[in-house]
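Right, one structure below, let's go through it.
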Amino acid sequence: MGLYKIEGVVLRRRNLGEADRLVTVLSRDRGKLTLVARGARRPRSRLGGRLEPCTRFRALVVEGRSLDLVSQVEVLDARATLRDDLERMAAATILLELTDRALADRQPHPDVYQLLEAALDLIGRGGAHLAWMWYAARLLGATGHRPSIVRCVACGQRSSGAVAWSVPLGGALHERCRARDPRAVALPGGAMALLAFLLDASPAAVRRLTPPVRDLTAAGEALLAYAEARWEARLRAPAVAARLAGGALAVVRAAQD
Ligand SMILES: [Zn+2]
């Protein structure tokens with residue numbers, strides 16, 4: 001029976017059997033893992049409260065026949081500042097869902113781990129909407145799905161003045177090339193520039209950004225549609241994002257269980 005140590009961030013958790021939980025985490029060195037937390041739902045379990053979504057932790061993992069077991073969990077950062085605020089929690093929920101959908105199990109992605117940490121920190125410092133958009137853009141790049149914005153996806157020439165966003169073709173389209181994808185969505189110039197910026201921006205640069213709401217909303221929708229198509233997943237995130245953008249955050253359910 002093998003043992004290994006991990007540092008990771010909890011992406012989601014589900015109930016398993018009577019008292020256990022299945023916990024999906026992004027580990028720094030081993031990629032995405034799904035682990036069993038035995039007895040985590042028992043009232044006095046030491047595991048339960050330590051494996052909440054967003055928590056950064058260190059743990060010992062015991063190799064099992066099918067699924068590995070997580071034990072000896074030490075919380076490194078519970079991210080309490082995210083939990084206290086609906087808007088921040090909603091943005092964090094998007095990050096976790098995107099990560100879960102984008103990555104296959106057990107493929108190391110230390111770069112994505114760093115991005116996720118940086119994005120969760122960004123949310124904690126405010127600017128929740130930009131933080132998840134930055135993360136989505138960088139995650140697409142890190143997983144080989146970087147959209148083409150500097151060059152038009154139809155003709156390959158520089159895309160200055162591109163007006164539309166084509167999900168199947170993979171990015172920006174000139175007005176004259178728009179017929180190549182009749183379903184391409186019109187995108188304001190500011191939103192296109194914002195997307196291009198986010199693909200390579202550092203967290204510090206994102207913090208200094210204050211784009212108009214119109215560009216934020218349009219760029220966010222374009223990114224999510226793109227991510228859904230590339231990762232072949234219907235995300236819950238768009239509904240959450242729409243509420244974030246609209247500022248009408250009545251109820252956001254993280255729906256982790
Ligand atoms: Zn073109």
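Values computed for the structure shown
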{"quantity": "Of the criteria (1) within 16 Å of the ligand (Cβ to nearest atom); (2) under 20 Å from the mean Cα position of the chain (by Cα), which one Leu187 fails", "calculated": "(2)"}
{"quantity": "Counted residues, the stretch 85-105 - those being part of a helix (DSSP H, G or I) and either surrounded by fewer than 17 Cβ atoms within 10 Å (Cβ to Cβ) or of a type outside the set (Gly, Ala, Ser) (or both)", "calculated": "13"}
{"quantity": "Matching entry among Arg138, Arg151 (being among the charged types (D, E, K, R), in contact (Cβ under 8 Å) with a residue 40 or more places away in the chain and closer than 17 Å to Asp200 by Cβ)", "calculated": "Arg138"}
{"quantity": "Residue check, Gly64 over 18 Å from the mean Cα position of the chain (by Cα), under 28 Å from Leu115 (Cβ atoms) and surrounded by fewer than 16 Cβ atoms within 10 Å (Cβ to Cβ)", "calculated": "no"}
{"quantity": "Members of the stretch 6-37 that are small (Gly, Ala, Ser) and touching a Leu at 6+ places or on another chain (Cβ under 8 Å)", "calculated": "Gly8, Ser27, Gly31, Ala37"}
{"quantity": "Any hit, the stretch 2-23, residues being of a type in the set (Phe, Trp, Tyr) and under 22 Å from Ile123 (Cα atoms)", "calculated": "no"}
{"quantity": "Residues that are among the hydroxyl-bearing types (Ser, Thr, Tyr) and within 26 Å of the chain's Cα centre (by Cα), drawn from the stretch 151-167", "calculated": "Ser166"}
{"quantity": "Members of the stretch 53-84 found to be in a loop (DSSP other than H, G, I, E, B), touching a residue at least 12 places away in the same chain (Cβ under 8 Å), more than 17 Å from Arg28 (Cα to Cα) and not hydrophobic (A, V, I, L, M, F, W, C), listed by number", "calculated": "Glu63, Gly64, Arg79"}
{"quantity": "Residue satisfying all of: in the stretch 1-18; free of Cβ contacts under 8 Å to residues at least 24 places away in the same chain and either under 16 Å from the mean Cα position of the chain (by Cα) or not in a strand (DSSP E or B) (or both); surrounded by the most Cβ atoms within 10 Å (Cβ to Cβ) among these", "calculated": "Gly17"}
{"quantity": "Meets criteria (at pLDDT below 95 and not hydrophobic (A, V, I, L, M, F, W, C)) for Arg138", "calculated": "no"}
{"quantity": "Criterion (of a type outside the set (A, V, I, L, M), surrounded by 17 or more Cβ atoms within 10 Å (Cβ to Cβ) and assigned by TED's automatic domain parsing to the domain that holds Ala227) met by exactly one of Arg178, Arg125, Arg151, Arg158", "calculated": "Arg178"}
{"quantity": "Extreme residue, nearest to the ligand (Cβ to nearest atom), among residues of the stretch 122-173 that are assigned to a strand (DSSP E or B) and touching a Ser or Thr at 6+ places or on another chain (Cβ under 6 Å)", "calculated": "Leu173"}
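The values are calculated or read from the model by the stated rules, or taken from the named source; none is laboratory data. Every value quoted in this text rests on a predicted model; they were computed, and no experiment measured them. Here the Cβ is made from the backbone with ideal geometry for all residues, glycine too, and neighbour counts use every protein chain on show.
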